[in-house]
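Got a structure for you, written out below as structure tokens; questions coming shortly.
Every number here is computed from the coordinates shown, using simple stated rules; none is lab data. What you see is a predicted model; the values in this text were computed from it and never measured. Every residue, glycine as well, gets a Cβ built from its backbone with ideal geometry; the counts of neighbours run over all protein chains shown.
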Amino acid sequence: MFTLAHLSDPHLPPLPEPRWTELIGKRVTGYINWRRKRRFIHDAATLDTLVADLKTQAYDHIAVTGDLANLALPAEYPHGRDWLDSLGAARDVTVVPGNHDVYVGEGATFAARQWGAHMSDDDGSDGFPFVRRRGPLALIGLSSGVPTAPFLASGWLGTKQLAGLAETLKKLQSEDVFRVVLIHHPPVSEASRHKRLLDADVLRRVIAMHGAELLLHGHDHLHMLNWLDGPNGTRVPALGVPSASAKPGTAHDAAAYNLYAIGGTPGAWTCEVVSRGVGADGGVTELGRMRVER
Ligand SMILES: [Fe+2]
């Protein structure tokens, strides 16, 4: 049995105070949004409580599907690195970037510099998709965040990355591993179009052709489960978790994480999900469990 923990969208609070020279372009509207709304949602104590609970559980690896940062301020990336280090060693914690991590163009460079050890392929190469083999799992990391105009949070994988994903999924299929696709944006979403993955239809076609055993995402800050079409009538579960720092009582789901206990053998995998989250009293409890068999 191999247990994978999934956290997402910590939007690490508190936001470092930006210099005026850093408040350029999209950061201006983002900063106003943080001051007016987001600082009341993303709470350091809530995140600490959630992570402390995770550490009481048995798990082998942690996946974080992006949005560690808020405005892509330079100071947010070492802060993110410290937080990742508090979760575990880089070989035990895998990260994919979210749209807030590449909020402005230089964000991707900051992320690669500070979090590269968590986002690199087993062979040490960078770029997306990367593959990290852990136990029976192959973690396949995608980058769907792209700098966008103010008020947009859409994502984009692009032809090159999707072709790389198709090739990777096909190759790993013949190796009988449990393929877990990690991506920030959900492949299916009811969010408004300006928040969605714009080439999600192509992503779903790649999954339908080559399959995957599981897809994990963040971005919508909600508990989500969608079933994607896989090859030969199979189905691929796609699950999302809320923001790991979301206080209870806001518009979106309160902070939570999922644990995936994966067992069985190729062709007969078993996967049981346990969801744990912060309740109205501030404590963490089990929210539910289920088996996601294909
Ligand atoms: Fe987010």
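Compute the helix-to-body angle for 200-210: its Cα long axis versus the longest principal axis of the chain, expressed 0 to 90° and rounded to tens.
Computed tilt is about 20 degrees.
Sticking with this structure for a sec: If you plug each phi of the range 100-112 into the Karplus form 6.51 cos²θ - 1.76 cosθ + 1.60 with θ = phi - 60°, what whole-Hz ³J(HN,Hα) values come out, in order, with x for Gly and Pro?
With the stated coefficients, the range 100-112 comes to 6, 6, 10, 3, 10, x, 6, x, 4, 5, 4, 5, 4 Hz.
Compute the angle between helix 76-87 and the longest alpha-carbon principal axis of the chain, please, reported from 0 to 90 degrees and rounded to the nearest 10.
50
Toward the positive end of the charge dipole of the range 154-294, about the Cα centre and with charges on Cβ (Lys, Arg +1; Asp, Glu -1), which of Ser245, His210, Val180 goes farthest?
Result: His210.
By how many nm would the segment from Asp121 to Ala45 grow when fully extended, if each residue of separation counts as 0.36 nm and the alpha-carbon distance is taken off? Write down the numbers at each step before the final one.
Values: separation 76, 0.36 × 76 = 27.36 nm, distance 3.27 nm.
Result: 24.1 nm gained on full extension.
Which net charge results when you count Lys and Arg as +1 and Asp and Glu as -1 among the other residues whose beta-carbon is under 10 Å from that of Pro150?
On the way: positive: Lys26, Arg27; negative: none.
Around Pro150, the surrounding residues sum to +2.
Roughly what % antiparallel, to the nearest 5, for the DSSP beta bridges in the range 110-198? Each step should come with its number before you reach the end.
Numbers: 6 of 12 bridges.
Of the beta bridges lying entirely in the range 110-198, close to 50 percent run antiparallel.
Another question, then. For the chain, state what percent of all Cα-Cα pairs lands in each successive 5 Å bin, counting from 0 Å until the bin that includes the largest distance.
Percent of Cα pairs in each bin: 1, 6, 13, 18, 20, 18, 13, 7, 3, 1, 0, 0.
Select from Val278, Thr265, Thr3 the residue farthest towards the positive end of the dipole of the chain; place +1 on Cβ of Lys and Arg, -1 on Cβ of Asp and Glu, and compute about the Cα centre.
So the residue furthest toward the plus end is Val278.
Also: When only Cα pairs under 8 Å and 6 or more residues apart are kept, what is the percent relative contact order across the chain? Before the final figure, lay out each step's value.
Numbers: 692 pairs, mean separation 59.8, N = 294.
Once normalised by length, the contact order is 20 percent.
Okay, next question. For the chain, how many pairs of lysine residues have a Cα-Cα distance under 20 Å, where the two are 8 or more positions apart or belong to different chains?
So the count of such lysine pairs works out to 7.
Could you give the nm distance between label points at Trp156 and Thr21, where each point is 7 Å from its Cα heading toward the beta carbon?
Between Trp156 and Thr21, the label points sit 3.0 nm apart.
Can you sort Met119, Met290 from fewest to most other Cβ atoms within 10 Å of each residue's own Cβ? Walk me through the numbers before you get to the answer.
Values: Met119 22, Met290 12.
So the residues, fewest neighbours to most, are Met290, Met119.
Moving on. Multiply the residue gap between Ser174 and Glu293 by 0.36 nm, knock off their C-alpha separation, and tell me the result in nm, one decimal place.
40.8 nm
Residue by residue through the range 56-65, which ³J(HN,Hα) values in whole Hz follow from phi under the Karplus form 6.51 cos²θ - 1.76 cosθ + 1.60 (θ = phi - 60°), with glycine and proline marked x?
7, 9, 8, 8, 9, 7, 10, 10, 10, 9
Looking at the chain only, what percent of DSSP beta bridges run antiparallel? Nearest 5 please.
Roughly 65 percent of the beta bridges in the chain run antiparallel, per DSSP.
Further question on the same structure: Any idea which of Asn33, Leu142, Met224 is furthest toward the positive side of the dipole for the chain, if Lys and Arg beta-carbons carry +1 and Asp and Glu beta-carbons -1?
Checking the options against the dipole of the chain, the answer is Asn33.
Can you give me the distance in nm between label points at Ala163 and Ala75, each placed 7 Å from the Cα along the Cα-to-Cβ direction?
So the two model labels end up 4.3 nm from each other.
I've got another one for you. Helix 44-54 against the longest principal axis of the chain: what's the angle in degrees, Cα atoms only, rounded to the nearest 10?
Here the helix axis deviates by roughly 20 degrees.
Please list 3J(HN,Hα) in residue order for the range 242-254, calculated via the Karplus relation 6.51 cos²θ - 1.76 cosθ + 1.60 where θ = phi - 60°; whole Hz, with x for glycine and proline.
These are the phi-based 3J(HN,Hα) values: x, 4, 5, 10, 6, 4, x, x, 9, 5, 9, 5, 6 Hz.
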